[in-house]
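Laboratory data are not the source of any read-out in this text; all were calculated from the coordinates shown. Predicted model, so just to flag it, every value in this text is computed and none were measured. When we count neighbours, we look across all protein chains shown, and the Cβ atoms used for this are built from the backbone with ideal geometry, even at glycine.
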Amino acid sequence: MCKLNAIASPPIQPLIKPCKIRYPTPMAINFYSLGAAEEVTGSKHVIEVDGASYLIDCGAFQGSRAETDRKNRDFGIASDRIDAAVLTHGHHDHCGLLPLLVKKGYHRNIYATPATRDIANLIMMDSANIQAHDAIYLRKQAKKRGEKFTWEPLFTEKDVIQATSQMVSVSYNRPMPIGDRVELEFYDAGHILGSAMAYITVKKDGKKTRILCSGDLGRKGKPIIRDPDKVPAPDYIVLESTYGDRRHDSTTDAMHKLGEIARRCVKNKGRIIIPAFAIERTQELVYYFHLLVDEGIIPEIPIYVDSPMATNATTIFQVHPECYDEDVHEAFIRHHKNPFGFNSLHFTTSVEESKALNKHPGPLIIISADGMCEAGRIQHHLANSIQDPNTTILTVGYMAQNTLGRRIRNKETDLKIHGEWFKRRAAVEEINAFSAHADYFEATEWLDSLDTSNLKKLLLVHGEPKAQAYFKKYLIEKGYTNTEIVQYGKSYEFE
Ligand SMILES: [Zn+2]
């Protein structure tokens, strides 16, 4: 090669910065959790290989304000100790603290599927906006009381942009080295668009140790996305257990109930308010209402998706056909039918449009975020309609402890919204069939479909203690005798 060419061709920068090999022998693999251990939300799990740390998810804890702030501000691992981060999906309780990790100095790669990268960006940006608004509001309140204000947002939009810029998109079934002797492969988790199970293979002396982190495990037969994948025989499984003690209703029953609630709404000229996660649940509900109208089960009722994030998320759904199941793929690609849009469906983005819904005559359906009613426009709609007996509040997803959503689902009558007390006269209905999480039976059925002949340990994370205790007992009865419930910070040896 001539000298000129050598100068003109700069060395290609490797995508993966090689990790320092700290403890070359003997190979030690450990696992521990810094969140979502004996609780739901705040997923943060670490796989250590020869002293190098691989962070699986960096999610925000959700609960009461003081506890949330304390748990999220300091999550127990120094950013310079992490060699690579892996993101299983874009839900807030899995990606929500990545910007803080980056702000604290983490500069390495964050691996995610292409759709997860886009969804996570939306979720993290929304969180930065909410925190910025909270800071303004709380500062004003403190000033009124003559108190000193010291609270700062965990991160800003700038940190979100940095976190997104550190993401490396890895498609499903494309094995990718993420460290010395460590390989990552994403398998479809069937939970939300882009959701993945992280399948980690550690190679040493011709031997492979395979660790499967389920992330949030989805379900068979969900609309839009594919079923959870079968994965090659794992040695260790880290499995979520959100619905460890529950069975979901069948989708057919749920559609029947949804139709009934909608018809009652038409009769009473009332409104249905549905708190829903802006991603997946909202698009699914739109899809189900589309089906009910198409089949003539309900008349065309104005449906408002009142969430700028849900509107943006729907756009993300439209640009990721690689995640669709066969039905939606056929309809969307071959027949140019958009399952996310039909005549009576409206997406509102401006605050004026949202406020105008307060005066909109019934019947009317409003789907709005936040899914647990802790923030966002859903709180305004609840404050406006919760005292009206012609309103139905329909809960369709998991509600964490100490959230307004959980209190509504528990049918409490005195509810505090925006600092004011309201007497609930609205009806409360629950449909849990639309859950994005496998229930204990479905999760076990999925486990049974895998080759578990090499399985040495099954660790349960991401569940409330009662659900986990039930699930553990059930799994042991089904033959998964090495099932353990992961405790916060406790280290589990894998080899
Ligand atoms: Zn999730």
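A compact table of results
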read-out: Residue that is farthest from Met309 (Cα to Cα) [pool: residues in the stretch 129-148 that are among the small types (Gly, Ala, Ser) and assigned to a helix (DSSP H, G or I)]; value: Ala142
read-out: Filtered residues of the stretch 151-192 (kept if more than 16 Å from the ligand (Cβ to nearest atom), among the β-branched types (Val, Ile, Thr) and outside any strand (DSSP E or B)); value: Thr156, Val160, Ile161, Thr164, Val170
read-out: Candidate set from the stretch 410-435 (those that are assigned to a strand (DSSP E or B) and of a type in the set (D, E, K, R)); member that is farthest from the ligand (Cβ to nearest atom); value: Lys423
read-out: Tyr398 being assigned to a strand (DSSP E or B) and either buried (at least 18 other Cβ atoms within 10 Å of the Cβ) or out of contact with any Pro (no Cβ under 9 Å at 6 or more places or on another chain) (or both); value: no
read-out: Extreme residue, farthest from Ala233 (Cα to Cα), among residues of the stretch 436-451 that are away from the ligand (no atom under 16 Å from the Cβ) and not in a helix (DSSP H, G or I); value: Ser449
read-out: Odd one out for Thr315 among (1) part of a loop (DSSP other than H, G, I, E, B); (2) out of contact with any helix residue (DSSP H, G or I) (no Cβ under 7 Å at 6 or more places or on another chain); value: (1)
read-out: Helices (runs of 4 or more DSSP H) wholly inside the stretch 47-128 containing at least 1 residues that are touching a residue at least 12 places away in the same chain (Cβ under 8 Å), touching a helix residue (DSSP H, G or I) at 6+ places or on another chain (Cβ under 7 Å) and within 16 Å of the ligand (Cβ to nearest atom); value: 92-95, 98-103
read-out: Within the stretch 452-466, tally of residues that are surrounded by fewer than 16 Cβ atoms within 10 Å (Cβ to Cβ) and either under 24 Å from Ala400 (Cβ atoms) or within 16 Å of the ligand (Cβ to nearest atom) (or both); value: 2
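Yes/no matrix, rows are residues, columns are (1) surrounded by fewer than 24 Cβ atoms within 10 Å (Cβ to Cβ); (2) touching a Ser or Thr at 6+ places or on another chain (Cβ under 8 Å):
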residue: Val266; (1), (2): yes, no
residue: Pro275; (1), (2): no, yes
residue: Ile298; (1), (2): yes, no
residue: Tyr304; (1), (2): yes, yes
